[in-house]
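A short worksheet on the structure shown next.
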Number of protein chains: 2
Amino acid sequence: MQGRSLSQEDASPGLVSAAIQAITQHIRTEGLGPGDLLPSEADMTRRLNVSRTVVREALRSLSAMRLIDMSAGRRASVAKLDISAMSMVIEHGVTTEQISVQQVYDVRRTIEMRTVALAALRRTDAEAAEIADRARLMRENCKKPEIVMEHDIAFHEAIAKASHNPVFALIVNAFSGVTRRTWVIGWRTRASEAEQLKMIEGHQEIARAIGAGDPRRAAEHMAEHFDKSVKALIDAGIA
Amino acid sequence: MQGRSLSQEDASPGLVSAAIQAITQHIRTEGLGPGDLLPSEADMTRRLNVSRTVVREALRSLSAMRLIDMSAGRRASVAKLDISAMSMVIEHGVTTEQISVQQVYDVRRTIEMRTVALAALRRTDAEAAEIADRARLMRENCKKPEIVMEHDIAFHEAIAKASHNPVFALIVNAFSGVTRRTWVIGWRTRASEAEQLKMIEGHQEIARAIGAGDPRRAAEHMAEHFDKSVKALIDAGIA
DNA sequence: TGTGTAGAACCTATCATACAGGTTTGTCGT
DNA sequence: ACGACAAACCTGTATGATAGGTTCTACACA
């Protein structure tokens, strides 16, 4: 007893892929939004006429891509937008040497030149304050690289958020993982303490420009920041 | 008999998450590259001291993110970079109305302004030819929207590829899915045939600029193209 | 009438086992 | 040396069982 059914397209081979299709389509056709519940596994098992194993692997796949949330005892639900999956993809690309760190920086530069300009135009006061705070905290902790790094990453994420375009925020977030793995290298390369401070001041300049609502100046400082960061990485021998 | 083992961090709850961690870490520590084989499921079952169900769900998750390739009878292998997972995330965001089409276009514009400039600088002759070909094919099939669309998408992907930065290619690819869902709307909005032709000519201009190795002109035409596309979408009532 | 608490009902997480079918590999006959 | 066949190994899917988490209901008690 394992009659093929699965409504339609068995394009990609395997029942699991078909189940994934069916589930995403269900979300689409039912117009489900974040938080809405999906049918239970047993239910899907009946509807799709496959074993629970298949249903579970399909759900697990969706969960891996963060399209749905799963937790014990509760039915799966549609997830809020979250691209940490992409973060894994990028990290994977870097660790398997299919992507270079420099290439990541080029993309980041491209995107953040835009987010910073948008942020300068659209930031709320609270967002401007958050951004300025991160820059300040970087300076205050300038002796502790780990902490500076976390604030640095949060700084860039806050700017992306202030751009008010979630797609930008998503992408910037996706790069945080890689950044965490390479940040220290760039930091160490800045030989003198003065140079490290200058880098932090660059962040403060950016924060000020955003606060002043000056997109051009913000973008210029961001560009400068990236140029120096890339230079630091190259000096460190990361091609 | 199900002693907890799994080396370390059970941070995210669930054995599956832990298994995912273990597998990605295995890839990292063994320095595996694309095509290299992972241990068999049975092997992992023993090593991680969990059931095969868990191992399979972990593998399936990685497979969903396209970090590994799975196929019947063969062991899983490390995958070549492929971000079609992100495509699903973006589509999910759009269908659940967490992202607007316009926001996607803003991101595309930002990125493609860069890819087109890089392409003009770094394209090989073959790549330039491919890009020009796509533009030509768009014109030749201008009566068949479906075909124009496919060549349009391929056009943009070819440019991204010619930028010689795989991360850009990845991201542009990620947007192809959404584009496929909205492209026709923009096309229909261009009322007259003349307007449709003008849009296609815009692509040819871009192709020419890339062929001529002129990044500035290429970027200008790309900007114009996006501005018009967004306008078309807005006219169509897609906020 | 209001409330809270113990179950019942429902669900997911994980395990064990089984079998069908695809891949790989080595062996044996020619 | 070569090619076909078989064994060994692996994955895909199904089934059934148990443990433990969630939610809702109904009943006892205030």
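Structure data summary
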{"read-out": "Cα-centred dipole magnitude for segment A:15-78, charges only on beta-carbon of K, R (+1) and D, E (-1), debye, nearest 20", "value": "120 debye"}
{"read-out": "Chain A: DSSP helices with Cα axial extent of at least 20 Å and average Kyte-Doolittle hydropathy no lower than 0.5", "value": "A:166-189"}
{"read-out": "Interface burial for B against A (accessible surface, 1.4 Å probe, total of both chains, Å², rounded to 100)", "value": "4300 Å²"}
{"read-out": "Top positive-direction residue, dipole computed over the protein assembly as shown with Cβ charges, set B:Ile234, B:Val116, B:Gln25", "value": "B:Gln25"}
{"read-out": "For segment B:24-45, residues shielded by at least 50 square angstrom of accessible area compared with the chain on its own, probe 1.4 Å", "value": "B:Arg28"}
{"read-out": "Under 5 Å, built H, 5+ apart or other chain: amide partners of A:Ile68", "value": "A:Ser63, A:Ala79"}
{"read-out": "Apportionment of accessible area to carbon and sulfur, segment B:84-235, percent (1.4 Å)", "value": "52 percent"}
{"read-out": "Complex-versus-alone comparison for segment B:96-128, residues with a loss of 40 Å² or more in accessible area, probe 1.4 Å", "value": "B:Thr96, B:Gln98, B:Ile99, B:Gln103, B:Asp106, B:Val107, B:Thr110, B:Arg114"}
{"read-out": "Links that overshoot a 20 Å alpha carbon limit, given the list B:Lys161/B:Lys198; B:Lys161/B:Lys231; A:Lys80/A:Lys161; A:Lys80/B:Lys231", "value": "B:Lys161/B:Lys198; B:Lys161/B:Lys231; A:Lys80/B:Lys231"}
{"read-out": "For residues of A:66-72, the mean tally of beta carbons on other chains within 10 Å", "value": "3"}
{"read-out": "Average partner coverage of A:49-56, which counts Cβ from other chains inside 10 Å", "value": "1"}
{"read-out": "Residue of A:Gly177, A:Gly73, A:Gly14 that the Gaussian network model of chain A assigns the largest fluctuation, springs spanning Cα pairs under 10 Å", "value": "A:Gly73"}
{"read-out": "Radius 15 Å from Cβ of B:Ala128, net charge of other residues (Lys, Arg +1; Asp, Glu -1)", "value": "0"}
{"read-out": "Residues of segment B:149-177 buried by at least 50 Å² on assembly (accessible area, 1.4 Å probe, chain alone as reference)", "value": "B:Val167"}
{"read-out": "Under 17 Å from B:Lys228, Cα to Cα: aspartates and glutamates that are on another chain or at least 8 residues apart", "value": "B:Asp106, B:Glu112, B:Asp152, B:Glu193, B:Glu195, B:Glu201, B:Glu205, B:Glu220"}
{"read-out": "Average accessible area per residue (Å²) across the protein assembly as shown - probe 1.4 Å, nucleic acids and ligands excluded", "value": "46 Å²"}
{"read-out": "In segment A:70-159, the trypsin sites (Lys or Arg not before Pro) that fall in loop regions by DSSP, at most 16 other Cβ within 10 Å", "value": "A:Lys80, A:Lys143"}
{"read-out": "Accessible-area composition of segment B:7-68, carbon plus sulfur, in percent [1.4 Å probe]", "value": "49 percent"}
{"read-out": "In segment B:84-171, the GluC sites (Glu not before Pro) that fall in loop regions by DSSP, at most 15 other Cβ within 10 Å", "value": "B:Glu97"}
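The values are calculated or read from the model by the stated rules, or taken from the named source; none is laboratory data. Computed from a predicted model, the values in this text were never measured in an experiment. Backbone-built Cβ (ideal geometry, glycine too); neighbour counts: all protein chains shown. Areas reflect the complete protein model, heavy atoms only, side chains present, ligands, DNA and RNA absent. Shrake-Rupley method; radii C 1.70, N 1.55, O 1.52, S 1.80 Å.
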